[in-house]
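Novice: Quick one: structure below, then a few questions.
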Amino acid sequence: MEFTPGKMDWRDGYKLLIGSILPRPIAFVSTVSKDGITNAAPFSFFTVISAEPMLVCFSPMRRGSDGAKKDTLINIEETGQFVINIVSEEIAAQMNICATEFPPEVDELQESGLTREPAAAVRPPRIKEAKIHLECELHEVHHYGNQPGAGSLVVGKVVHIQADDSLLDKGRILAEELRPIGRMAGNLYTRPLGSTFELKRQVKPGEAK
């Protein structure tokens, strides 16, 4: 099958993208509005940009119904701060509740039963049950349209990291202790540690690192 973006409904293109680019890590983003209302929502268009400066990014899409910005993006543009809470399997169900499109005045953490705790360097709270928190200040944001199916790229500068002591071994994160989950297509998620294998990177052709 051959497909041409621009000649197909954006929803069909979206299904092809999320069914091809997987598994995807999940940024569980907590923000606070200018009026002090906490918001928490998961985004699976999420990755690292660089270590120096320490930059990460995620992409909130516009609402499929009317092209409106989501509360997370509005809050970040208004306050310039957010926290990325890494999703472990233990909080998958609560994270899924926060994916619901609640009205702006609803506190998703309260609805899901998750616990807020103060962040060290930014105003939005951490989600206590998450094992890793990346506290970020907005570095820049780019918008790619305002129609349904469009999206934005939010780039955050990590200004503080908190990780549970149980995860650390000589400065490295123990993935088996973190137990992260990944997003697939539809209602499917994955446990990326369920089946792993090792490939040593070559320093030079034919020479293992």
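Novice: How much net charge surrounds Ile18 when only the other residues with a Cβ under 12 Å from the Cβ of Ile18 are counted, with Lys and Arg +1 and Asp and Glu -1?
Specialist: +3
Novice: Separate question: Decide, for the stretch 8-104, between rounded, prolate and oblate: order the square roots of the alpha carbon gyration tensor eigenvalues as a ≥ b ≥ c, take rounded if a/c falls under 1.5, and otherwise choose prolate if a/b is larger than b/c, else oblate.
Specialist: Judged from the Cα gyration tensor, the stretch 8-104 comes out rounded (a/c under 1.5).
Novice: Please report, as a whole percent, how much of the solvent-accessible surface of the chain comes from carbon and sulfur atoms (probe radius 1.4 Å).
Specialist: Result for the chain: 52 percent of the exposed heavy-atom area is carbon or sulfur.
Novice: Measure up Lys69/Lys200; Lys70/Lys157; Lys15/Lys204 against 31 Å on the Cα-Cα distance and list the ones that go over.
Specialist: Lys69/Lys200; Lys15/Lys204
Novice: Full extension from Lys34 to Glu105: what is 0.36 nm times the residue separation minus their Cα-Cα distance, to one decimal in nm?
Specialist: 24.4 nm
Novice: Then there's this: Can you give me the long-range amide H partners of Glu129? Hydrogens built in the peptide plane at 1.01 Å from N, cutoff under 5 Å, separation of 5 or more residues or another chain.
Specialist: Result for Glu129 returns Thr115.
Novice: What does the C-alpha gyration tensor say about the overall shape of the stretch 29-168? Classify as rounded when a/c is under 1.5, otherwise prolate if a/b is larger than b/c, or oblate.
Specialist: Here the stretch 29-168 falls in the oblate category.
Novice: How high is the relative contact order of the chain, in percent, with contacts defined as C-alpha pairs under 8 Å that are six or more residues apart?
Specialist: Taking the mean separation of contacting Cα pairs over the length of the chain, I get 23 percent.
Novice: Here's a follow-up. How large is the accessible surface per residue of the chain, computed with a 1.4 Å probe and reported in Å² as a whole number?
Specialist: About 59 Å² of surface per residue is accessible.
The values are calculated or read from the model by the stated rules, or taken from the named source; none is laboratory data. Fair warning: this is a prediction, and the values are worked out from it, not measured in the lab. Neighbour counts are summed over all protein chains in view; Cβ atoms, including those assigned to glycine, are modelled from backbone coordinates with ideal geometry. In case anyone asks, the SASA skips ligands and DNA or RNA and just uses the protein heavy atoms, side chains included. Shrake-Rupley method; radii C 1.70, N 1.55, O 1.52, S 1.80 Å.
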